[in-house]
Amino acid sequence: IHPGLCGFRVVKFRRTGESSRSDEDGVSGEHEVQIEGVRTELEPVELGDGAAVPKEFANPTDDTFMVEDAVEAIGFGKFQWKLSVITGLAWANAMEMMILSILAPQLHCEWRLPSWKVALLTSVVFVGMMSSSTLWGNISDQYGRKTGLKISVLWTLYYGILSGFAPIYSWILVLRGLVGFGIGGVPQSVTLYAEFLPMKARAKCILLIEVFWALGTVFEVLLAVVVMPTLGWRWLLILSALPLLLFACLCFWLPESARYDVLSGNQEKALATLKRIATENGAPMPLGKLVVSRQEDRGKMRDLFTPHFRWTTLLLWFIWFSNAFSYYGLVLLTTELFQAGDVCSISSRRQEVKAKCSLTCEYLTEEDYTDLLWTTLSEFPGVLVTLWIIDRIGRKKTMALSFLVFSFCSLLLFLCVGRNVLTVLLFIARAFISGGFQAAYVYTPEVYPTATRALGLGTCSGMARVGALITPFIAQVMLESSVYLTLLVYSGCCLLAALASCFLPIETKGRGLQESSHKEWGQEMVGRGSHSPGESQE
């Protein structure tokens with residue numbers, strides 16, 4: 001500090017375009033330039049205490065910057081708010097999932113379907129999701145996040161509307177399977193969204209777009225209350241595609257991920273995207289040249305099993321499997337437990353159900369819709385709890401805690417508790433298992449590098465659908481033999497998933513997204529800003 005500038009800080013910045021590194025110099029690598037007797041081009045700028053850095057200045061020491069640096073420098077603003085709403089509309093495809101619980105009993109009565117055909121109508125959606133999740137991840141890594149997301153949403157929209165015109169059972173079975181095939185690509189909205197978020201806001205923002213899932217399920221129930229008694233199930237199928245239709249109208253605004261463009265060698269497009277974000281947010285761009293990452297194969301399954309990621313991939317597959325297995329299992333168990341009153345009464349009720357003809361049907365009543373709405377509302381406390389703890393205790397511990405609470409509540413169901421206590425236990429269990437699901441959606445895009453991020457999320461989503469496919473055999477078939485064994489299976493699975501969460505080798509809290517699989521994990525953020533070996537980096 002100059003003695004004559006009391007109370008002021010003097011900071012030296014390089015002006016835009018005055019980089020001492022030429023275009024021909026390697027973007028990567030180090031070199032030294034010694035200048036003797038030549039005055040440098042840095043000018044002192046006086047800043048009062050607490051004054052903001054002028055917008056024409058940024059990145060005072062580096063001549064190059066990475067996408068991660070730019071995203072952090074630009075910060076969260078108007079652009080990210082718009083992106084939150086648009087990707088949230090894609091995430092509201094939960095309506096297409098929630099409609100299964102409403103459509104099944106209606107078709108069971110209207111078309112006089114046997115129980116196994118009703119169950120197949122649900123299973124075929126999960127088969128479609130399971131078979132396509134990895135494919136959509138591969139498309140998003142090979143051809144871009146925006147491309148994969150747009151195609152999957154338009155696919156879901158088209159076949160979703162077409163389902164409303166199905167004349168017979170076989171048609172609607174095929175069409176709902178194709179809807180499931182499209183839904184398998186919608187989680188790629190999280191990949192695109194995460195790659196535009198600064199580090200401090202990433203977890204909170206990903207969790208907040210998960211709110212659109214809960215909103216979608218609530219809106220579906222409310223829509224069914226209005227539409228089903230008057231217009232019928234065909235109009236419900238058509239109107240349920242409204243959020244995806246709105247997304248299709250607005251998706252032209254979506255940019256391609258700058259991280260993907262850099263990795264695929266499209267530096268100019270990535271720079272233009274970053275400048276667009278900076279302009280919309282009213283923030284400065286870093287100075288110097290954008291570092292072009294080493295181009296590498298993208299969307300290759302073998303990259304998920306390199307020595308550095310093999311253990312992470314296998315553990316995440318089991319965690320996602322357990323999440324869906326337990327989440328959808330609880331949804332199925334909730335109906336049985338509510339109708340029976342408690343666990344102790346469920347066995348006698350199952351015997352009564354066995355005696356009934358498989359073609360006996362009951363339309364959903366207003367009370368049924370109310371119960372559906374209340375159980376769906378438990379998603380919101382799950383989001384709030386996860387939002388509060390995920391940046392305090394980390395991603396791994398958040399997932400582990402969610403599994404442990406679910407497992408504990410499952411064990412408490414062994415007791416012959418009354419209806420009110422049963423409702424509270426089921427509410428808490430669903431809130432935490434949905435929170436664990438949301439934490440997995442935060443962790444998975446953060447842990448994989450850009451080259452395999454979409455594929456990693458896609459394969460994990462595929463494993464979740466395997467869990468969703470298997471769980472009816474536990475929650476419905478095994479339940480007929482032993483309710484206690486059924487609860488024990490879910491509790492044990494979640495205990496193992498809690499252990500798997502603890503054994504994950506990488507904690508992504510406070511870390512940047514990895515751009516290249518050829519660098520050590522987190523290198524982009526850890527160490528770039530340090531000036532002395534003793535400085536600690538978070």
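The values are calculated or read from the model by the stated rules, or taken from the named source; none is laboratory data. Computed from a predicted model, the values in this text were never measured in an experiment. Glycine gets a Cβ as well: all are built from the backbone with ideal geometry, and neighbour counts include every protein chain shown. Protein only, heavy atoms only, side chains kept; ligands, DNA and RNA dropped before computing areas. Shrake-Rupley method; radii C 1.70, N 1.55, O 1.52, S 1.80 Å.
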I'd like the residue in segment 406-445 that is β-branched (Val, Ile, Thr) and out of contact with any Gly (no Cβ under 9 Å at 6 or more places or on another chain) and, out of all such residues, is surrounded by the most Cβ atoms within 10 Å (Cβ to Cβ). VAL442
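I'd like to verify a number: residues in segment 494-527 that are part of a loop (DSSP other than H, G, I, E, B) and either open to solvent by less than 70 Å² (accessible area, probe 1.4 Å) or modelled with pLDDT of 70 or more (or both), how many?
Here the count works out to 20.
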Any residue in segment 257-271 that is closer than 10 Å to GLY144 by Cβ sitting within a Cβ distance under 6 Å of a residue that is among the hydrophobic types (A, V, I, L, M, F, W, C) and open to solvent by less than 30 Å² (accessible area, probe 1.4 Å)? List the pairs, counting only those 6 or more apart or interchain. SER257/LEU192; ASP261/ALA270
Identity of the residue in segment 304-328, under 21 Å from the mean Cα position of the chain (by Cα) and at pLDDT below 85, that ends up surrounded by the fewest Cβ atoms within 10 Å (Cβ to Cβ): LEU304
List every residue pair whose Cβ atoms lie under 8 Å apart, where the two residues are 6 or more positions apart in sequence or sit on different chains, the first residue falls within segment 105-129 and is without any contact (Cβ under 8 Å) to a residue 24 or more places away in the chain, and the second residue, located anywhere, is assigned to a helix (DSSP H, G or I). VAL118/ALA104; VAL118/PRO105; VAL118/LEU107; VAL118/HIS108
Hits in segment 368-425 - residues which are β-branched (Val, Ile, Thr) and farther than 24 Å from LEU207 by Cβ: THR370, VAL417, VAL421, THR423
Do you know which residues across segment 228-245 are over 20 Å from TYR159 (Cα atoms) and buried (at least 18 other Cβ atoms within 10 Å of the Cβ)? MET228
Output for segment 110-129, where each listed residue is open to solvent by 10 Å² or more (accessible area, probe 1.4 Å) and either assigned to a helix (DSSP H, G or I) or touching a strand residue (DSSP E or B) at 6+ places or on another chain (Cβ under 9 Å) (or both): GLU110, SER115, TRP116, LYS117, VAL118, ALA119, LEU120, THR122, SER123, VAL124, PHE126, VAL127
Scope segment 159-205; condition over 30 Å from TRP235 (Cβ atoms) and surrounded by 24 or more Cβ atoms within 10 Å (Cβ to Cβ); matching residues: VAL190, THR191, LEU192, TYR193, ALA194, PHE196, ARG202, ALA203
Looking at (1) touching a residue at least 60 places away in the same chain (Cβ under 8 Å); (2) in a helix (DSSP H, G or I); (3) buried (at least 22 other Cβ atoms within 10 Å of the Cβ), which one does SER152 not meet, given that it meets all the others? (1)
